[in-house]
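Structure record follows, encoded as structure tokens.
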Amino acid sequence: APDDAHEGRLQLFVADKPLSQSTAVPWPLATKGRTDVFAPIPIGTNERGELVTLLLAYGAGLVGAIPRMGKTFVLRLIALAGALDPRCELHLYDLNGGGVFDALLPIAHTFGVGCDAAALDAALADLRRLQADMDRRYATIRALPRDQAPETKTTSELASKRSLGLWPIVIIVDEAHLWF
């Protein structure tokens with residue numbers, strides 16, 4: 001659709017063959033090897049074979065569907081995309097304990113597994129540390145000259161300045177309903 005198309009415009013797509021017979025499109029990050037969470041990250045393709053992207057910075061999301069529809073797979077892609085931005089701090093929680101993030105254990109800042117009392121206490125302590133760090137980050141941004149942070153938001157450039165302590169933090173919780 002053109003960039004200036006109305007959001008309410010209906011687009012109809014009629015496939016001439018089942019999607020299961022379509023050729024798989026390689027994940028661009030498999031060969032690129034690096035991301036910037038302040039730029040759109042490829043997470044898949046749509047039924048037309050067009051790239052679908054996700055902007056991790058400035059957002060939060062919830063992945064939901066019926067069982068066996070690929071929710072955990074999408075979370076792993078997002079975690080890998082975060083891991084491919086060397087500035088990111090990863091906080092990964094596998095509440096089922098199924099090993100979905102095990103490959104990222106060596107680089108995760110926080111890695112929680114399971115949903116027993118000890119795991120819940122550790123996760124709550126981590127979230128409280130992150131809340132305190134968020135307050136520090138807000139103070140840091142407010143103290144910067146407006147020409148460096150005109151919208152009082154962390155930018156890719158500011159996140160790259162380690163001395164400011166504004167690197168991106170990616171928090172991913174698989175089976176978050178278990179916390180609730």
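The values are calculated or read from the model by the stated rules, or taken from the named source; none is laboratory data. A quick note: this is a predicted structure, and the numbers were derived from the prediction, not measured. As a convention, Cβ positions derive from the backbone with ideal geometry for all residues, glycine included, and neighbour counts pool all protein chains shown. When the accessible area is computed, the model is the full protein with side chains, heavy atoms only, and any ligands, DNA or RNA have been set aside. Shrake-Rupley method; radii C 1.70, N 1.55, O 1.52, S 1.80 Å.
Structure above, values below:
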| read-out | value |
| --- | --- |
| q = 0.10, 0.15 Å⁻¹: log10 I(q)/I(0) that the Debye formula gives for the chain, counting C-alpha atoms only | -0.51, -1.04 |
| In range of the label at Asp102: residues from segment 145-180 whose backbone nitrogen is under 19 Å from the point 7 Å along Cα→Cβ | 173-175 |
| Distance histogram in 10 Å bins (all Cα pairs of segment 113-180, percent per bin) | 18, 39, 23, 17, 2 |
| Relative contact order (percent, whole number), the chain, Cα cutoff 8 Å, 6+ residue spacing | 20 percent |
| Where Thr45, Thr155 fall by accessible area, highest first, once all protein chains stay in place (1.4 Å) | Thr45, Thr155 |
| For segment 89-147: rounded, prolate or oblate by the Cα gyration tensor [a/c cutoff 1.5] | oblate |
| Rounded accessible area per residue of the chain, 1.4 Å, Å² | 66 Å² |
| Gyration tensor verdict on segment 58-117 (Cα atoms; rounded if a/c is under 1.5, prolate if a/b is larger than b/c, oblate otherwise) | oblate |
| Cα-based shape type of segment 20-98, given that a ≥ b ≥ c are square roots of the gyration tensor eigenvalues and the cut on a/c is 1.5 | oblate |
| Cα convex hull of segment 1-57, projected area averaged across orientations, nm² | 5.5 nm² |
| Distance between modelled label sites at Met134 and Arg48, nm, 7 Å Cα→Cβ extension | 3.6 nm |
| Asp4/Arg162 FRET efficiency (R0 35 Å; Cβ-Cβ; nearest 0.05) | 0.30 |
